[in-house]
Structure formats: structure tokens, C-alpha cells
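The values are calculated or read from the model by the stated rules, or taken from the named source; none is laboratory data. Here the structure is a predicted model, which is why all the values come from computation and not from measurement. FYI the Cβ positions are ideal-geometry reconstructions off the backbone, even for glycines, and counts take in every protein chain you see. The protein model used for the area step is the full one, side chains on, heavy atoms only, and it has no ligands, DNA or RNA in it. Shrake-Rupley method; radii C 1.70, N 1.55, O 1.52, S 1.80 Å.
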Amino acid sequence: MDVERIKSACSETLVISLLREKSMHGYDMCKVIEKRSLGYFTLKHSTLYPLLHRLERDGMVKSDWGELDRGKPRKYYQLTKKGAAHHKKNVESWRELFASIGNLIPEVAT
Amino acid sequence: MRFAAYLRQLEGCLDIPYPQRSDLVAEIATHLDDLYSDLVSEGLDETTAKSTAIDSLSADADFIKAMCVVHQTAVARALTRLPRNISLGIEYGAITLIGFLLVFTVILQEAPMIEFLASGGFFMIPINVAGIPIVFLGIERFYSLFIKKDHSQENLEKRLLSLTFLALVCALTGVIGTLVGLYQAFSVADQIAARFDGVFPIFEVTKIAMTTSIWGMTLALIAVVVRFIAEAKLARIASVRAM
């Protein structure tokens with residue numbers, strides 16, 4: 001089973017779910033995802049930035065060069081209303097997917 | 001700046017429009033600096049931390065391609081879906097069509113405009129011959145830089161030599177035409193003035209100034225043509241040598 005492809009498919013949902021909490025810059029997103037998933041998800045930077053820029057192009061997030069952090073300006077991303085609505089649909093889809101898998105393969109649900 | 005050389009190279013590879021390109025490079029610069037600081041605080045030496053930070057960024061061909069795809073304009077995105085010959089045909093066809101529409105609608109439909117052009121005499125011929133490519137080149141440059149937003153170094157430098165050459169030809173030919181017209185006008189004025197006593201012989205006193213200007217401008221025009229041919233040849237040879 002190609003788990004890496006499945007993980008890659010989760011990237012957008014993971015990033016948007018972080019931005020629901022607060023606005024963040026790219027480096028912090030990578031660190032938080034890795035920490036919270038206990039190392040299971042490691043978002044490569046070469047995956048993260050095209051993703052963030054695509055989300056911004058599609059109006060899901062917006063960015064701004066914000067306050068100084070460690071003495072340097074950082075580019076912060078925040079979720080838009082469109083992004084929040086899109087995330088809600090995504091979460092529903094993932095819920096249905098896991099429920100269906102759990103029904104088909106009960107061992108997964110335990 | 002620690003990563004200046006690497007970031008300069010990355011900026012050159014990213015085929016996305018400005019200012020998004022410089023914005024992305026600045027964003028990656030802060031990311032690299034943060035990663036470097038964390039690696040050093042974990043105990044890595046500076047050189048290893050620097051190379052580890054760059055390697056972990058994985059700014060390889062896939063990354064560059066992904067960024068280009070995200071930042072392409074809608075027009076460029078639509079055209080890249082087509083085979084290259086067809087997309088080029090559409091681009092040049094659209095530019096040619098707009099150019100012809102401009103020339104025929106604005107210039108030839110307006111009768112006073114035609115009279116104006118005809119009244120200029122012989123020198124209007126080379127000016128118009130140079131002027132028509134200027135219209136098409138102007139449309140092509142506008143499309144390429146502002147609609148398709150191709151900000152690669154090669155495209156930014158394209159056609160500059162041709163535009164400069166055509167501009168100089170139009171300017172010099174226009175000035176030569178002005179001076180020749182004045183030469184003829186003052187010559188006729190003097191012939192009329194000769195019939196009256198005490199009238200100032202304007203042609204006699206301005207003849208030297210106009211003759212030297214006409215001849216100087218003509219030689220300058222020849223020099224511009226020769227220089228353009230030589231520079232075009234140099235550019236062709238330089239591109240062959242670079243291959």
C-alpha cells in the first residue's frame with residue numbers, strides 16, 4: 001500500500017486545519033505538523049510552499065508579511081471564509097472515508 | 001546573507017512573474033535561516049547546518065515546476081495545455097490580428113490621417129516601413145510581459161535591440177525629413193526674396209547649418225543600420241558559442 005501517497009493527499013487538510021487555529025508561517029507549520037503527529041507526518045518544504053501558494057491563488061488562504069519573529073519579518077498565512085467552508089467539506093469527506101473503511105475492515109477501527 | 005548565492009541561483013531558475021518571484025525567494029530565505037538556527041542549536045556545525053538546510057528544502061526540478069504551475073497566468077495555463085506549435089500559432093496569430101486591426105482601423109479608416117501621412121513626402125516611406133513592425137513588436141511585448149507575464153531573463157531582453165533600432169530609424173529619418181523640408185522651404189523663400197530689395201536672405205545664412213545637419217543625420221542613420229546588423233550577428237554567434 002502506498003502510504004506516502006495517502007499522506008500526501010492529507011497535506012492540504014492538515015495545513016488548513018492548522019490555519020483554523022491561528023495564522024502561521026511555513027516553517028512553523030512544518031514543525032507543528034511533525035510534532036503533533038509524533039513524526040508520522042513530515043511535510044516537505046518543497047511540498048508545503050507550492051501547496052500554500054496554490055491555496056492562496058484559489059482564495060482559500062491569504063498571506064501577509066507580518067510581525068518580526070526572531071528579529072525577521074515572516075510571511076504569515078491565514079484562513080479565509082472560502083477556505084473554512086472548503087475545509088468543512090473536506091472534513092466531512094474524510095469522516096465518510098474513515099467510517100466506510102471502518103465498516104469494511106473492522107480491525108482498522110479498533 | 002548566509003544563503004545569498006543559493007537564493008540567487010534559485011531566483012534565476014524560478015520561471016514565475018515578478019514580484020511573486022522575489023516574494024517567494026524572501027519567504028524561502030526566512031525558512032532556511034530558521035532551519036539553520038535550529039540545526040545549529042541542536043549541535044550541528046555551521047557548514048553542516050547550512051548544507052542540511054539547503055538539502056531539506058529539496059528545491060529540485062519538481063519544486064520549481066510546481067511553483068511555475070501555481071503562478072502561471074490563466075492565459076499561460078490555457079496555452080500550456082495545447083501542443084507547442086498550436087499555442088505559438090495562436091499567440092502570434094492573435095498579435096498579428098490585433099496589429100492589423102490597429103493599422104487598418106485607426107490609420108487607414110481615418111481620412112485625415114491618410115492625408116497627413118501622404119503630405120510628409122518621400123521620407124514618410126521609410127518611417128512607415130519602420131513604424132509597422134513597431135506596432136506589432138509593441139503588441140507582442142505588451143502581451144508577453146503583462147498578460148502572459150513571462151519574466152525570464154531571455155524574454156525580458158528579447159526584441160529590445162530591434163525596438164531600439166526601429167526607434168532610431170524613425171527619429172533620424174524624421175529629423176532628416178524636417179531638415180530637407182526646411183532646406184527646400186528656405187531655398188524657395190530666398191528665390192522670392194531676391195525679387196525684393198532689403199529682404200533677409202534666410203536660406204543663405206542657414207544653408208550651412210541645415211546642410212551639415214542633414215548630412216550628419218544621414219551618416220548617423222547609416223551607422224545605426226550597420227550597428228544593428230553587427231549586434232544581431234554578435235548575438236547569434238554568442239548564442240551558438242553558449243550551446
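Evaluate the Debye formula for chain B with equal point scatterers sitting on the alpha carbons, no solvent, and hand back log10 of I(q)/I(0) at q = 0.09, 0.11, 0.13, 0.15 Å⁻¹, in q order, two decimals.
Results for chain B at q = 0.09, 0.11, 0.13, 0.15 Å⁻¹ read -0.67, -0.84, -1.00, -1.15.
Using a 1.4 Å probe, what is the accessible area per residue for chain A, in Å²?
63
So, counting K/R as plus one and D/E as minus one, what does the shell of residues with Cβ under 9 Å around B:Ala76 add up to?
Charge balance near B:Ala76 sits at +2.
Return the loop-located trypsin sites (Lys or Arg not before Pro) in the range A:24-110 (DSSP other than H, G, I, E, B) with at most 10 other Cβ atoms within 10 Å of their own Cβ; answer none if there are none.
Answer by residue number: A:Arg70.
Work out the mean other chain Cβ neighbour count within 10 Å for the residues of B:27-33 and drop it here as an integer.
Mean shielding count: 6.
With respect to the cross-link table entries B:Lys65/B:Lys158; A:Lys31/B:Lys148; A:Lys82/B:Lys148; A:Lys88/B:Lys149; A:Lys62/B:Lys149, which display a Cα-Cα separation exceeding 32 Å?
Distance filter (> 32 Å) returns A:Lys31/B:Lys148; A:Lys88/B:Lys149.
Could you work out the relative contact order of chain B, using alpha carbon pairs under 8 angstrom and six or more residues apart, expressed as a whole percent?
Answer for chain B is 18 percent.
With all protein chains present, calculate the accessible area of B:Cys68 using a 1.4 Å probe and round the result to the nearest 10 Å².
Taking all protein chains as shown, B:Cys68 has close to 30 Å².
How fast does the protein assembly as shown diffuse by Stokes-Einstein, in µm²/s, taking the Kirkwood radius from C-alpha pairs at 10 °C and 1.306 mPa s?
Value of D from the Cα-based Kirkwood radius: 60 µm²/s.
Which parts of the range B:50-77 would a label at B:Val40 reach, counting a residue when its backbone N lies under 15 Å from a point 7 Å out along Cα-to-Cβ?
Inside the label zone: B:50-54.
Using Stokes-Einstein with the Kirkwood hydrodynamic radius over Cα pairs, what translational diffusion coefficient do you get for the range B:41-87 at 25 °C and a viscosity of 0.890 mPa s, in µm²/s rounded to a whole number?
Value of D from the Cα-based Kirkwood radius: 181 µm²/s.
How big is the dipole moment of the range B:64-152 about its Cα centre under a simple scheme where the beta carbon of each Lys and Arg is +1, that of each Asp and Glu is -1, and everything else is neutral? Debye, nearest 20, please.
So the magnitude is around 640 debye.
Carbon-plus-sulfur fraction of the accessible area of chain B, 1.4 Å probe, in percent?
Reported share for carbon and sulfur atoms: 68 percent.
If we count trypsin sites (Lys or Arg not before Pro) as exposed when they sit in a DSSP loop and have at most 12 other beta carbons within 10 Å, what is the longest stretch of chain B that avoids them all?
Result, exposed sites excluded: B:82-194.
Picking from A:Leu38, A:Leu18, A:Leu51, which is most flexible by a Gaussian network model of chain A using Cα springs under 10 Å?
A:Leu38
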